[in-house]
1. Could you tell me which residue out of A:115, A:40, A:90 lies farthest along the dipole of the protein assembly as shown toward its positive end? Charges go on the beta carbon: Lys and Arg +1, Asp and Glu -1, centred on the Cα centre.
2. I want the local charge near residue B:21. Using Cβ-Cβ distances under 11 Å, sum +1 for each Lys or Arg and -1 for each Asp or Glu among the other residues.
3. Normalising by the residue count of chain B, find the relative contact order in percent from Cα pairs under 8 Å and 6+ residues apart.
4. Expressed as a rounded percentage, what relative contact order does the stretch B:57-113 have, with Cα pairs under 8 Å and six or more residues apart?
5. Checking the a/c ratio against 1.5 first, then a/b against b/c, what shape does the Cα gyration tensor give for chain A?
6. Using only atoms on other chains, find how many Cβ atoms lie within 10 Å of each Cβ of peptide A:90-102 and report the average.
7. With +1 on the Cβ of every Lys and Arg and -1 on the Cβ of every Asp and Glu, and nothing else charged, how large is the dipole of the stretch B:42-92 about its Cα centre, in debye rounded to the nearest 20?
Amino acid sequence: DAGVIQSPRHEVTEMGQEVTLRCKPISGHNSLFWYRQTMMRGLELLIYFNNNVPIDDSGMPEDRFSAKMPNASFSTLKIQPSEPRDSAVYFCASSSLAGGRRETQYFGPGTRLLVL
Amino acid sequence: AQSVTQLGSHVSVSEGALVLLRCNYSSSVPPYLFWYVQYPNQGLQLLLKYTSAATLVKGINGFEAEFKKSETSFHLTKPSAHMSDAAEYFCAVSGSTGNQFYFGTGTSLTVIP
């Protein structure tokens, strides 16, 4: 299996620009998670989906952030407009719902975002 | 409420010495616990997990962890540290109802030659 795929791996943009991060979960997984990692705040859960439906978006920092999962094999996290404080590494992870709470989450390699 | 606390944000050990990374949990339901490792510029990788079977769990790269309900702990150990073990380690507990994880703040392990 190719694992969780994220693109781009690196993104440098200017303040005010729109940024779109992409994620392809492991085939057959029906849960998808978006995380943000910074030195100051550590690893934060932004939003997660079960069967393409958003379950908990309480971690989304503000309205500038939005996430979609149009089908089982693709999700996007969009920031519009971007700000320097959004600079971080964004991870996507996926898991199966079959085992419920005991299922492992598998992480992608992350997208390193720098907003100038 | 679900949470984990990792004591010690930085741990240094000599090569060949015992590695002990601490994790204490709080859970309103029987917990499922996970240890992940993150190497520089990479994603998180599962080391091992506890899912209510054996209390002593063995993982990859010689790591193991013991679930102790009386102490609400799930500490990670390795008998002999290698240089390649230098990384960030995260403990996590699964949610009480949903399948989200609650991660600790991480422990950075340095191995001194």
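1. The Cα lying farthest towards the positive end belongs to A:90.
2. Working: positive: B:22, B:78; negative: B:85, B:88.
Combined, the nearby Lys, Arg, Asp and Glu give 0.
3. Dividing the mean separation by the residue count of chain B yields 38 percent.
4. This gives 26 percent for the stretch B:57-113.
5. It is prolate, given that a/c is not under 1.5 and a/b is the larger ratio.
6. Working: counts 0, 3, 1, 3, 0, 4, 1, 1, 0, 3, 6, 15, 10.
Shielding by partners across A:90-102 averages 4.
7. Result for the stretch B:42-92 is approximately 160 debye, rounded to the nearest 20.
Only the coordinates and a few stated rules stand behind these numbers; no lab work does. Remember, it's a predicted structure, so these values are computed and weren't measured experimentally. Methodologically, a virtual Cβ is constructed for each residue, glycine included, from the backbone with ideal geometry; neighbour enumeration extends over all protein chains shown.
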